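Asker: First the structure, then my questions, so here it is.
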Amino acid sequence: MQTLLERIAEMTPEQLTRVREHVDAALARDAHAAGRPWGGHGGNGPCAGPDGERFRVCRMFTVPDSVRRLTSAEMARLGHAFEKWATAARDRRTRRSRERMVLLFWVLRHTGARLGEVLGLDKEHVDWKRGVAHFGNGEGDMREVPLPVWLLERLAASVDEDPAPGSLFRLDQGFVRRKFYEQARASDIPKDMLNPRVLRNSRAVELLQGGMPLHAVQALLGHSTVEFASSYVTIAEKDLQSIIEHHLAKENVMETSARNTFTGPVVKVTTTGLLSEIILRTPSGYEVVSIITNESREKLGLVEGRTATALIKATLVLLEAAPATGPTPSSARNAFVGTVANVASDGTVAEISGALDDGTPVCALVTEASRKSLGIEKGKKYVWFFKAMNVIVS
């Protein structure tokens, strides 16, 4: 019986896209039933944690049609066909030759190495204690590739039967390719898909789908550049956007003494003769307005869609009592309702920390006299506001 992962591995890009849509819909229903917000891949969604915090990046990619490869299930089926072929040998000599071919298949399948590299693998190129094979590029550079324990044990048993130094396999490339083709009927795989190159592609895709970073796959398979390794995959449009947003957001969260930080994509840029008005929108929907010089806007490359971070010093944040109903009374463009979480005062200056309704932390420094006149206390709601000219954008 096929496992769920095996069935997914055999799906077409169109089928995978439909599965993704069904998953999104199911997660949205669950979120609605639990009373949690849901905004798809652009906000709270399958990649989001509590309060919209992204704790991981959803990664779903398809394989370009130009990459000829086998699924993990097909590689397992091919391995079974080779094992059955070796067991059917009528005499010990033939069986020994076939077992070498089977071992070569498994080394190709689990290392993703080139056929020439595996055929040139000498016994001394295997570190039997550490369980790794050493492959070279002919220029003195070597790379280590771990081998499964069971495969290492079978290789060691093969060496015990033939302890003479030299190659592990002693097989001809033409012979190897013919034996691959001969497994077409037994494995139910088209003949043109049965060759070591396809196995190499298959291993690369398998590792990438398993979450191994692109640079690691490049190093493991001995690709000359990461761009070559990246040709194995194309990332689905929705997930590409999620990955871009995630990493740009991380890149823009800078170490700063400002405790009032808002991050999100720029949704509007308005330019006059000297100044630019920048509006960015946070994942929870707050719109923060900043007015900066055109020179600064150009230097930062701020355009619609670009992720940016707005910073406001606590000394520039003001407080007003929040109305029971209706809009906030402040004339400031940036005015958000939040709850006071803590008040610290030295008798002259008071530090007021709290959180907006979406959980965003905010902080204001006011005089102790102002705190008393406003009656600021822990647990009360206030409007936290600041001028657009006081917002720093990075």
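Asker: Measure up K313/K372; K299/K387; K84/K129 against 25 Å on the Cα-Cα distance and list the ones that go over. List each step's numbers first, then the result.
Answerer: Details: K313/K372 22 Å; K299/K387 22 Å; K84/K129 30 Å.
In this structure, K84/K129 lie more than 25 Å apart at Cα.
Asker: Taking the Cβ of E351 as the center, what net charge do the other residues with Cβ under 13 Å away carry, scoring Lys and Arg +1 and Asp and Glu -1?
Answerer: +2
Asker: Continuing with the same structure: Provide the net charge surrounding A157, with neighbours chosen by a C-beta distance below 14 Å and charges set as Lys +1, Arg +1, Asp -1, Glu -1. Mind showing how you got there, number by number?
Answerer: Working: positive: R95, R96, R100, K123, R154; negative: E99, E153, D160, E161, D162.
Taking every Cβ under 14 Å from that of A157, the sum is 0.
Bear in mind these aren't lab numbers, they're just calculated from the coordinates by the rules spelled out. Bear in mind the structure is a predicted one, so any value in this text is a computation, not a measurement. As a convention, Cβ positions derive from the backbone with ideal geometry for all residues, glycine included, and neighbour counts pool all protein chains shown.
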